[in-house]
Each structure stands twice: as structure tokens, then as C-alpha cells.
């Protein structure tokens, strides 16, 4: 095998000083653009051509006693090549070359990322969240039908555009600009929307691109006598400029992002709908976090699985001895928490399930599973009908979990109608005899017997 250190990559020059320096450091050979040269000979390069230069650090024949020398050569090569080393293996079938790096970066394009840390996989932190939706998985998007309205027989002046801040007065700057855009394309704001050219409507909504328009804006006069704004009939213009029209939707989006007013944001949100984030596709994490795979799956793909399937996936995970040592504690804790969810009858839900979609019983059982994992003692737990929606076999699992909480030294109070829960209680308090105002009286209390 040949150990190489890449010191020049796709750069122009003669590099005579570099060759002299390498020669003084004790290196004998270099590889330039795939051809090996001795540093003792004269090397002449094309000054205007890009070159790749590798230093030949060592040549070794594979045997049992080369480990120390190989380690030293690789270390030297990494130091010389600033963290990059090339290993060329020569065999009967030809040669193969590997480029290895000690940096968290792509060797070809230089794209890098930081050390893997837990925060990279949380959509609640800037280090892991999608930059487009800030970890929400969804984004607000302006909808054309909400801006111009669904009634296409109306004109633009009668449409929902009049409800947008800055467009309420037809004498204002926003309307002056819009009118002059329409005039440029030989139309006006009094034409029914259905009669406007679809391409023109597209330009109004999304902008004119590279097509520049001459704008002549008049100052809007304010008449305090009538408390209203009036058009200034003065023929001189206050502002004259030529530029492309950015479009109503880009304009509104820019205002929505830049405003610091909560009221303005609320008013703009009336013209928006919630859509799946186009960048992360609803996965909430940034591309770097989504590039990390465990067992061939992203963290979001694992979270999409049902709890029971996630538990099976982790049990079947094939790891090296080193990976087992690294992940031992993390895997144990993860499996323990998943088993708690399974034991309270929540093996069918996925880890990415939104909290607002859970029933009251499911929410209580999740909190119950969390408490089981905390191993707290001396705590009083109050549960309101945790058996709602549970199958009979799952109720038995729930009873066992409640008993575990009790055995840890806690008090568990359960409001329940299920007979199996009542029969397993240490102490029963029966309130009645009827519901509502006809109940609330102590009917019986004590152990089941």
C-alpha cells in the first residue's frame, strides 16, 4: 500500500518552492496529476494549468508487523495534508485508492457540519430545526383565492385586496402602483377579474420579473376639514422611478416577515393557509440532521413507526462492539421508556404523534409511563378514567403498572368505573347513589372484601 498526503488540490502554479521544502523535510517522491516524480529531478509544471499534488509519505508491504509503521505514516500524512490522507492499495487486479478525512466535511465539495450532539436532533433548537419553518413542520403561505376573493365577477377594487393594510384607500401609494402596473399592460382596476388576462393576473400576484415599469406617484393630500384623504390634482409628481413590480404575494410575505406588530401579523394571516413545509417536508429537522442514519433509517423515519415497531427495530439493530459500548446506556434508557408505553397499552401510537390528537386517556397513560421511568417516591398520582379506549388485555397491563407505582412508595388515586380496576384497588370509595345533584354521597368505602 502507498500512503499519500494531498497538499495541492486543483490549483494553478509552478510550486518550485514547495518541492524544495518537501525535499528538505526528507520526502523523496510526489505524485502530480496521477504521475509520480522524484524530488531529485527537475519538475516543470504548466503555470496556467490546475494541478493536484500528493506527497508519497510511505510504501508498505502488508504483513503482521507493519501496524506501528502504518500508524505513524498515516499520522504524518494527516498532519501534512491538514487532516486528509489517501491510501492506494496495489494488487494483482490493479490498484484502488481511498481518500479519508478526519474532518466532518465532504472531501470533494468542502461542505461541513459540527460534531453530532443531541441538540442536532431536536426541532426545538436552532441547531436541529429546519430553517424554513423553524421546526414546526408547516409554514404559512399566502393563497391567491384569499387575496383576490372567490367571486371573479368583482373588479380588483372590489376584491379582498381592499382589506389589506395599505390598500384600503384607492388614492394611496399601493393602489397607485397597482393601477400603473395594470395601465402598463393595457388594463385597469375596474375590469372584472374573470376578464383579466391570466398571465397579467399572475404578474399582479407574483411580480413582473425582469419587466420594468415606469411609476409616477403623487403625494396623498389630507383634508382636515372633512377628515378624509383626497387626490392631489397637481400635475407634478412627488416620486418617479422605474423598476419591476415585486407582486402582491412577495410584497405581503415581505411585510409579514419584517413587521414587529402582532396586530399586523394577525391581519396578514387572514390571507394565509398552513401548508407542509416545502423544505423539510414536514420532518421539522434541517438537512444535516436528516442525513444521519441509524440502521439505514433517519430519526424521523424511526419516529414514524408505532411504538411496538420502534421497540422491535432497536432490538434488531446490528452494531459493532465499539458502537455497542457507546450506545449501551442510551439504548437501555430508550428501550425502557418504550416498554413503559407498551405496558400502558400505547404500543400503537407513533412517537411523532401530535399532543392535540391524543385522547384524555392516552395523554394520562403517557404521563403515567413518564412517571414510571422517573422512579419517584412519596408522590400522589390522581388519574381520571385511564382505561378509556383500552382493550381488556391492555387494562391488565395498566393495572400492573399502577401496582408498580404503588410498590415504589407512592399513592395512586384512580377515578374509574371499570370493574377490574376496582377489584384490584387496595381501598375503594364509592360515591353515589346517582349522578349529578342526586349523587356525591359516600355509599361505601373500604377494601373489596
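The values are calculated or read from the model by the stated rules, or taken from the named source; none is laboratory data. Computed from a prediction, not measured in an experiment: that's the story for all the values here. FYI the Cβ positions are ideal-geometry reconstructions off the backbone, even for glycines, and counts take in every protein chain you see.
Might you let me know whether the stretch 149-157 holds any residue that is surrounded by 13 or more Cβ atoms within 10 Å (Cβ to Cβ), in a helix (DSSP H, G or I), assigned by TED's automatic domain parsing to the domain that holds residue 263 and within 32 Å of the chain's Cα centre (by Cα)?
Scanning the stretch 149-157 turns up no residue that is surrounded by 13 or more Cβ atoms within 10 Å (Cβ to Cβ), in a helix (DSSP H, G or I), assigned by TED's automatic domain parsing to the domain that holds residue 263 and within 32 Å of the chain's Cα centre (by Cα).
Identify, from the list 100, 18, the residue that is free of Cβ contacts under 8 Å to residues at least 40 places away in the same chain, in contact with a strand residue (DSSP E or B) (Cβ under 8 Å, 6 or more places away or on another chain) and either in a loop (DSSP other than H, G, I, E, B) or closer than 28 Å to residue 291 by Cα (or both).
100
For the stretch 234-258, which residues satisfy the criterion of being surrounded by 10 or more Cβ atoms within 10 Å (Cβ to Cβ), at pLDDT below 90 and part of a loop (DSSP other than H, G, I, E, B)?
Those that are surrounded by 10 or more Cβ atoms within 10 Å (Cβ to Cβ), at pLDDT below 90 and part of a loop (DSSP other than H, G, I, E, B): 234, 237, 238.
Suppose we filter the stretch 62-84 for residues that are touching a residue at least 12 places away in the same chain (Cβ under 8 Å) and more than 19 Å from residue 102 (Cα to Cα); how many remain?
1
State whether the residues of the stretch 127-134 include one that is in the same structural domain as residue 205 (by TED's automatic domain parsing), assigned to a loop (DSSP other than H, G, I, E, B) and farther than 18 Å from residue 250 by Cα.
Looking through the stretch 127-134, none of the residues is in the same structural domain as residue 205 (by TED's automatic domain parsing), assigned to a loop (DSSP other than H, G, I, E, B) and farther than 18 Å from residue 250 by Cα.
Filter the stretch 1-15 down to the residues that are crowded, with 17+ Cβ neighbours inside 10 Å and part of a strand (DSSP E or B) and list them by number.
2, 3, 4, 5, 6, 7, 8
Can you spot a residue in the stretch 398-416 that is in contact (Cβ under 8 Å) with a residue 40 or more places away in the chain, under 37 Å from the mean Cα position of the chain (by Cα) and surrounded by 15 or more Cβ atoms within 10 Å (Cβ to Cβ)?
yes
All but one of (1) modelled with pLDDT under 90; (2) closer than 30 Å to residue 352 by Cα hold for residue 108; state the number of the condition that does not hold.
Among (1) modelled with pLDDT under 90; (2) closer than 30 Å to residue 352 by Cα, the lone unmet condition for residue 108 is (2).
Determine whether residue 279 is under 30 Å from residue 132 (Cβ atoms), in a loop (DSSP other than H, G, I, E, B) and either in contact with a strand residue (DSSP E or B) (Cβ under 7 Å, 6 or more places away or on another chain) or modelled with pLDDT of 90 or more (or both).
yes
Kindly provide the set of residues from the stretch 347-385 that are surrounded by 14 or more Cβ atoms within 10 Å (Cβ to Cβ), without any contact (Cβ under 8 Å) to a residue 40 or more places away in the chain, touching a strand residue (DSSP E or B) at 6+ places or on another chain (Cβ under 9 Å) and not in a helix (DSSP H, G or I), ordered by number.
381, 383, 385 - these are the residues of the stretch 347-385 that are surrounded by 14 or more Cβ atoms within 10 Å (Cβ to Cβ), without any contact (Cβ under 8 Å) to a residue 40 or more places away in the chain, touching a strand residue (DSSP E or B) at 6+ places or on another chain (Cβ under 9 Å) and not in a helix (DSSP H, G or I).
I need a count of the residues in the stretch 61-82 that are loosely packed, with under 14 Cβ neighbours inside 10 Å, within 26 Å of residue 18 (Cα to Cα) and modelled with pLDDT of 90 or more.
5
Please go through the stretch 184-215 and give me each residue that is free of Cβ contacts under 8 Å to residues at least 60 places away in the same chain and assigned to a helix (DSSP H, G or I), ordered by number. Step through it out loud before you land on a result.
Start the filter on the stretch 184-215 by keeping residues that are free of Cβ contacts under 8 Å to residues at least 60 places away in the same chain, which leaves 184-204, 206-215.
Once the filter is applied, which keeps residues that are free of Cβ contacts under 8 Å to residues at least 60 places away in the same chain and assigned to a helix (DSSP H, G or I), the stretch 184-215 yields 184, 193, 194, 195, 198, 199, 200, 201, 202, 203, 204, 206.
Would you point out the residue of the stretch 114-126, among those that are touching a residue at least 60 places away in the same chain (Cβ under 8 Å) and part of a loop (DSSP other than H, G, I, E, B), that is nearest to residue 274 (Cα to Cα)?
Among them, the one singled out is 123.
What is the one condition in (1) touching a helix residue (DSSP H, G or I) at 6+ places or on another chain (Cβ under 6 Å); (2) at pLDDT 90 or above that residue 113 does not satisfy?
Status for residue 113: all satisfied but (2).
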